[in-house]
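Just so it is clear, none of the values below were taken in a lab; they were calculated from the coordinates. Predicted, not measured: the structure shown is a model, and the values here were computed from it. Note that each Cβ is placed from the backbone with ideal geometry, even for glycine, and that neighbours are counted across all protein chains shown.
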Amino acid sequence: MLTRDKTAVYYRVCVVYFDEYVVAGAPVCPPDIVFVLDDSGSIGSVNFVLAKTFLSRLVARLNVGGCVTRIGLVKYSDNVNARIYLNTYSSVASLQRAILALNYTGEGTYTASALADVRTTILTSARGDRSNVSNVVVVLTDGKSSSTTNTRVSI
């Protein structure tokens with residue numbers, strides 16, 4: 001739970017494993033992690049800042065770059081409105097700056113579209129996805145998707 005000035009927002013965190021294997025004989029690397037960040041209207045701008053701060057502090061605890069953890073991010077509301085690709089940042093400091101620079105949009109909650117974007121845009125070799133490591137997708141949202149049925153199919 002994130003709190004500020006007696007205002008609470010409850011984020012539901014769903015971890016989706018797209019790959020559950022590591023290629024035999026490949027070096028063992030920590031997983032590629034993609035955060036899917038809801039910035040819909042129900043989040044509110046104050047809570048969105050809290051979520052960004054949380055993610056910034058979380059990535060500070062990870063060893064980012066090279067044959068260590070790679071971080072991606074998709075920010076969404078009515079559509080995907082920001083992306084951080086897995087191969088964009090190789091240092092924690094630059095990744096934190098990018099996360100903290102994200103702007104609040106405040107529209108609908110189209111989680112299915114965001115998850116589809118992760119699969120088709122973020123988790124590609126051209127964007128830094130590695131075939132020899134697992135992919136972990138963490139969805140941070142405060143509520144139901146605008147289309148629960150499509151979201152289930154997207155997972």
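Between Arg61 and Thr88, full extension at 0.36 nm per residue minus the direct alpha carbon distance yields a gain of 7.9 nm. Computed from the C-beta positions of Ser131 and Val46 and an R0 of 35 Å, the FRET efficiency is 0.30 to the nearest 0.05. Of the residues Arg130, Arg97, Arg70, Arg119, the one with the fewest other Cβ atoms within 10 Å heads the list, and the complete ranking is Arg97, Arg119, Arg130, Arg70. Count Lys and Arg as plus one, Asp and Glu as minus one, and take only other residues whose Cβ is under 10 Å from that of Ile122; the net charge is then 0.
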